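K.L.:
The structure that follows is given in the form of structure tokens.
The values are calculated or read from the model by the stated rules, or taken from the named source; none is laboratory data. Everything quoted here is computed from the prediction, not taken from an experiment. Here the Cβ is made from the backbone with ideal geometry for all residues, glycine too, and neighbour counts use every protein chain on show.
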Amino acid sequence: MTSFWGLFTQIAAIIFPVLGVIVCGYVYGRLRPNEAPQQMGAINPLVMEFFTPMMIFGAMSQKSFDIYANGALMLAGLWVILGSVACGYVAAKIFNIQVRTLVPTMIYNNCGNMGLPLALLAFGAAGFAQAAILFVMCNLLYFSLGVWLLSGRRLSWRLFNTPIIWSIVLGLTMALLRLPVPEPVQQLLNFFTQAAITLMMFALGVRLLDIDWRQMKIGLLGGVLCPAGSLLFAYIAQQFGWFDLTQQQMAQIYLFASLPPAVSCFMMADYYQQEPSKVAAIVLIGNVLSLVFVPFGLALALV
């Protein structure tokens with residue numbers, strides 16, 4: 001009983017700050033139903049075009065961000081995502097849902113505004129850098145395979161000419177060449193990281209007001225399938241020992257697998273007009289269900 005209570009309090013301590021900011025966003029949206037969406041509409045481009053690229057580069061420039069030592073972690077993350085994609089493809093065929101609607105939400109989980117702060121709280125700075133590796137890999141996969149699906153199997157190189165992609169390219173270059181970042185610059189990037197994480201979680205809380213309950217069925221399907229499929233494939237990888245992960249790397253994979261679809265999935269679906277109301281239901285209901293799946297993933301990670 002003591003160990004169970006210890007695990008429960010540890011998980012609660014990790015999740016509470018994240019949920020606290022999300023709840024504050026939700027309450028603010030309730031109190032300001034007319035102003036809040038407009039304010040978030042003005043802030044979101046700033047977050048996506050400035051704070052998030054700074055956050056990504058800041059995570060990738062840390063000394064603990066060792067891409068050579070975490071190659072197996074990237075492969076395991078890729079396995080988990082592709083497993084979730086396979087589950088989504090099968091479900092889309094069974095339930096007569098457009099593949100372009102469901103499958104992209106299986107590719108891009110909430111490893112940014114939820115996964116990064118959870119990893120920082122659960123595993124410290126080294127864990128944050130490992131989570132950033134998974135975040136980078138997830139972004140690269142979504143903005144290639146995911147966008148290819150959303151666009152009707154057409155790619156525009158303009159999609160790669162974004163601050164996020166350039167921050168990933170710059171960060172990868174510095175990581176591969178092992179170029180150090182001066183400490184004052186790293187401290188500046190840390191400030192941007194904290195601001196990005198807080199703003200993204202707050203915006204997610206405001207977004208929870210937009211759940212369209214008429215799309216409950218597909219919302220529940222996608223919201224459950226993304227973490228459940230990922231956790232299943234993470235468990236398979238652990239049981240067969242395919243990637244030879246360390247204990248902390250396996251814990252990262254379980255946390256990564258438990259995350260819901262990302263808010264960015266809705267933004268991209270809206271851009272391509274690919275049933276955005278259904279994608280919004282998947283994303284928002286999935287994030288509500290994270291109250292169940294994330295503690296479960298953390299329990300697997302911390303045991």
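K.L.:
For the subset of segment 110-143 comprising residues that are assigned to a loop (DSSP other than H, G, I, E, B) and of a type in the set (S, T, N, Q), which member is modelled with the highest pLDDT?
P.N.:
So, considering only residues that are assigned to a loop (DSSP other than H, G, I, E, B) and of a type in the set (S, T, N, Q), the one modelled with the highest pLDDT is N110.
K.L.:
Please tell me if R207 is under 20 Å from G112 (Cβ atoms), in a helix (DSSP H, G or I) and of a type in the set (D, E, K, R).
P.N.:
Judged against the criteria, R207 is a match.
K.L.:
Further question: Of the residues that sit in segment 157-205 and are hydroxyl-bearing (S, T, Y) and surrounded by 14 or more Cβ atoms within 10 Å (Cβ to Cβ), which one is modelled with the highest pLDDT?
P.N.:
S167
K.L.:
Still on this structure: Criterion first (under 16 Å from V283 (Cβ atoms) and assigned to a loop (DSSP other than H, G, I, E, B)) does I67 satisfy it?
P.N.:
No, not satisfied.
K.L.:
Give segment 218-263 a look and list any residue that's within 20 Å of I97 (Cβ to Cβ) and polar (S, T, N, Q), or say none.
P.N.:
Hit for segment 218-263 is S230, nothing else.
K.L.:
Before we move on, is N96 at pLDDT 85 or above and either crowded, with 20+ Cβ neighbours inside 10 Å or aliphatic (A, V, I, L, M) (or both)?
P.N.:
So N96 does not fit the description; no.
K.L.:
Please identify the pairs in which a residue from segment 73-93 that is at negative phi has its Cβ atom under 6 Å from the Cβ atom of a residue that is crowded, with 20+ Cβ neighbours inside 10 Å and hydroxyl-bearing (S, T, Y), counting only partners at least 6 apart or on another chain.
P.N.:
As it stands, the answer is V80/S230; S84/S230, since those pairs meet every condition given.
Results for (1) within 16 Å of P117 (Cα to Cα); (2) without any contact (Cβ under 8 Å) to a residue 60 or more places away in the chain; (3) in contact with a strand residue (DSSP E or B) (Cβ under 8 Å, 6 or more places away or on another chain); (4) part of a helix (DSSP H, G or I), shown as yes or no for each residue.
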site	(1), (2), (3), (4)
Q186	no, no, no, yes
M200	yes, no, no, yes
A203	yes, no, no, yes
L231	no, no, no, yes
Q238	no, yes, no, yes
Q249	no, no, no, yes
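K.L.:
If you go through segment 73-100, how many residues are more than 18 Å from the chain's Cα centre (by Cα), in a helix (DSSP H, G or I) and closer than 20 Å to A280 by Cβ?
P.N.:
Of the residues in that region, 4 qualify.
K.L.:
Let me ask something else. For segment 256-280, which positions are modelled with pLDDT of 85 or more, over 14 Å from the mean Cα position of the chain (by Cα) and surrounded by 22 or more Cβ atoms within 10 Å (Cβ to Cβ)?
P.N.:
K278, V279
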